[in-house]
Amino acid sequence: MKLCDGWAASMADLLQIAVVGHTNTGKTSLLRTLTRDAGFGEVADSPGTTRQVQGARLRLDGRPVLAWFDTPGMEDSIALLEYIEHLAEGRRLDGPDRIRLFLDAPEAHRRFEQEARVLGKVLECDAALYVIDARDPVLGKHRDELALLAACGKPLLPVLNFVHAPTHRAAQWREAMARLGLHALLEFDTVAPALDGEKQLYERLGVLLDRHADVLRNLSQSLTRERQERRAAALRLVAELLVDVAALRVSCEPDEASLRASTQRLREQARRREQACVDALLALYNFRADDYARDPLPLEGERWGMDLFHPQALKDAGVDVGIGMATGAMAGAAVDLMLAGISLGAAALIGAAAGGMWQGIERFGKRLGGKLRGRRELSVDDAVLRLLAVRQRALMQALERRGHAAREPVRLEAPDKDPWREAGLPSEIQEARSRPEWCGVADNYQDSPRRAAIVSRLAQRLA
Ligand SMILES: Nc1nc2c(ncn2[C@@H]2O[C@H](COP(=O)(O)OP(=O)(O)O)[C@@H](O)[C@H]2O)c(=O)[nH]1
Ligand SMILES: [Mg+2]
């Protein structure tokens, strides 16, 4: 249990909700997602992982307002219901009194110890979420479980988990719940919850828990606000990345060996900058580095996923390469000839480099009458910048939709439609290209109001 100062004192004002249900329906997973904490409790496919009641609290403006309690799975409801009927035989007791009678009976500490923990917790709480694996058929054990839980006399909100599974039986469960008088019901897949899943959850709870409706509404609003703020922060991270990489420049001597070495340096800096953005996004959404899979392809310089400078990465992301990013040792680098006193479009230059960039430059060089002998500057190709935008946007979307119960690493899928895949880059990127001092990882980095404005505008575009 996450204890902190004043836990006992504030307990009385706290709204307390138990999460109950059969073993392995995803109770612990649900709490991971609701608390945005992938480390909460223990999750496993084997039954009975959660043996004790575990708690976690949600805060509003720093004050704890809601305590969640994770409980062990109910495993033997059919036998327990019979036991309680036997205990209560010949006595007129209402539901909660029957449950209390059981809790004082000897079997509550023996055979039904697990169930006693659950029912005892529900009696203490204000309400309970009943988590259902929607792939299961509705069976007698579920009905008996529900009869026991309903006997506690607390509002019960059924939550249908695993509704993304193709074989789910949500309709059947809805009907079965209605027959038990449970008409408010929520579909909430803990691994891939709907974007407004939490909002719906707190709204439904607000209906069931009139006395706590204000707190639940505030909680829901604050979660929505946090989600928007997270999104804005994520867009800023991606915009910063694009400005940094667009402004990135590496200068080199005009011979092939130094051009190659400088290209490597440029690529390495761009890759590292992308990795920093990935790390920051994962941290922002409260995921861990191993939530993001490395691609098994053994590509040179690969840090995560597909190497930024591999033509296949562009293809997979559906990025339109236009006249073609040069392949080979200098792929992904655009050569800028401004320092040689000639302003020549990098794209045109690369377009000429059909069989490799060096030959292309040589050809231009001859045609331009040897004017190319000065130092060169390398920058990152347009197509690579577009790939960065496409990938980071896809990552953002995947993280927004990912529950903290997910255990499979994130896999990015190329979006069907993404304006960043098409040729052409927005004016903000064009401007950043001509401002090497805007590159956050450069030695001569200089922040400026203009850079900040460009980052904001780019963040809006990325949205
Ligand atoms: N695909 C998928 N798997 C889930 C979901 N919820 C839980 N699981 C998995 O189901 C298993 C049991 O989950 P757990 O939270 O430990 O269940 P508990 O016993 O009710 O606490 C674990 O392997 C979870 O990763 C879900 O919504 N979708
Ligand atoms: Mg559990």
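Could you please let me know if Arg204 is out of contact with any strand residue (DSSP E or B) (no Cβ under 9 Å at 6 or more places or on another chain) and either of a type outside the set (Asp, Glu) or under 29 Å from Ala44 (Cα atoms) (or both)? Against the criterion (out of contact with any strand residue (DSSP E or B) (no Cβ under 9 Å at 6 or more places or on another chain) and either of a type outside the set (Asp, Glu) or under 29 Å from Ala44 (Cα atoms) (or both)), Arg204 does not qualify. Do the conditions hold for Arg393, that is, is it surrounded by 13 or more Cβ atoms within 10 Å (Cβ to Cβ) and either over 20 Å from the mean Cα position of the chain (by Cα) or under 23 Å from Leu248 (Cβ atoms) (or both)? Answer is yes for this residue.
Scanning the range 183-204 for residues that are open to solvent by 30 Å² or more (accessible area, probe 1.4 Å) and either assigned to a helix (DSSP H, G or I) or farther than 18 Å from Val19 by Cβ (or both) yields His183, Ala192, Ala194, Leu195, Asp196, Glu198, Lys199, Gln200, Glu203, Arg204.
Cβ-Cβ distances below 7 Å connect the following pairs, each with a first residue in the range 60-80 that is closer than 15 Å to Arg143 by Cα, a second residue that is more than 15 Å from ligand 1 (Cβ to nearest atom), and a separation of six or more residues or different chains: Asp76/Phe112; Ser77/Asp144; Ser77/Leu148; Ile78/Gly140; Ile78/Asp144; Leu80/Phe112; Leu80/Leu148.
Here is a yes/no grid of residues against (1) among the hydrophobic types (A, V, I, L, M, F, W, C); (2) more than 19 Å from Ala383 (Cα to Cα):
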| site | (1), (2) |
| --- | --- |
| Ala423 | yes, no |
| Val441 | yes, yes |
| Pro449 | no, yes |
| Ala463 | yes, yes |
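Taken as a whole, the structure leaves Gly73 outside the set of residues that are modelled with pLDDT of 90 or more and either among the charged types (D, E, K, R) or surrounded by 22 or more Cβ atoms within 10 Å (Cβ to Cβ) (or both). For the range 124-155, how many residues meet the condition of being touching a residue at least 40 places away in the same chain (Cβ under 8 Å), away from ligand 1 (no atom under 16 Å from the Cβ) and of a type in the set (A, V, I, L, M)? So the answer is 5. Residue check: is Ala239 surrounded by fewer than 15 Cβ atoms within 10 Å (Cβ to Cβ), assigned to a helix (DSSP H, G or I) and at pLDDT 95 or above? Answer is no for this residue. Assess whether Asp61 counts as being under 22 Å from the mean Cα position of the chain (by Cα), more than 10 Å from ligand 1 (Cβ to nearest atom), acidic (Asp, Glu) and under 29 Å from Leu219 (Cβ atoms). Here the answer is no, as Asp61 does not meet what is asked. For Val118, the criteria (1) open to solvent by less than 40 Å² (accessible area, probe 1.4 Å); (2) part of a helix (DSSP H, G or I); (3) at pLDDT below 90 hold in every case but one, which is (3). Looking at Val410, Val455, just one residue is open to solvent by less than 50 Å² (accessible area, probe 1.4 Å), among the β-branched types (Val, Ile, Thr), at pLDDT 95 or above and under 19 Å from Glu274 (Cα atoms), and that residue is Val455.
Looking only at the range 18-43, residues that are more than 8 Å from ligand 1 (Cβ to nearest atom) and surrounded by fewer than 24 Cβ atoms within 10 Å (Cβ to Cβ) come to 6 in all. If you go through the range 380-397 and keep only what is modelled with pLDDT of 85 or more and of a type in the set (A, V, I, L, M, F, W, C), you end up with Val380, Val384, Leu385, Leu387, Leu388, Ala389, Val390, Ala394, Leu395, Met396. Here Glu89 fulfils each of the conditions (1) open to solvent by 50 Å² or more (accessible area, probe 1.4 Å); (2) within 16 Å of ligand 1 (Cβ to nearest atom); (3) not in a helix (DSSP H, G or I) apart from (2). The requirement of being open to solvent by less than 10 Å² (accessible area, probe 1.4 Å), modelled with pLDDT under 90 and more than 28 Å from Ala394 (Cα to Cα) is fulfilled somewhere in the range 259-281, by at least one residue. Just so you know, in the range 151-182 the residues that are touching an Asp or Glu at 6+ places or on another chain (Cβ under 6 Å) and open to solvent by 50 Å² or more (accessible area, probe 1.4 Å) include one that is farthest from ligand 2 (Cβ to nearest atom), and it is His164.
The values are calculated or read from the model by the stated rules, or taken from the named source; none is laboratory data. Since this is a predicted model, take the numbers as computed values, not measurements. No Cβ is skipped: glycine too gets one built from the backbone with ideal geometry, and neighbour counts run over all protein chains shown. Surface areas here come from the heavy atoms of the whole protein model, side chains and all, with no ligands, DNA or RNA. Shrake-Rupley method; radii C 1.70, N 1.55, O 1.52, S 1.80 Å.
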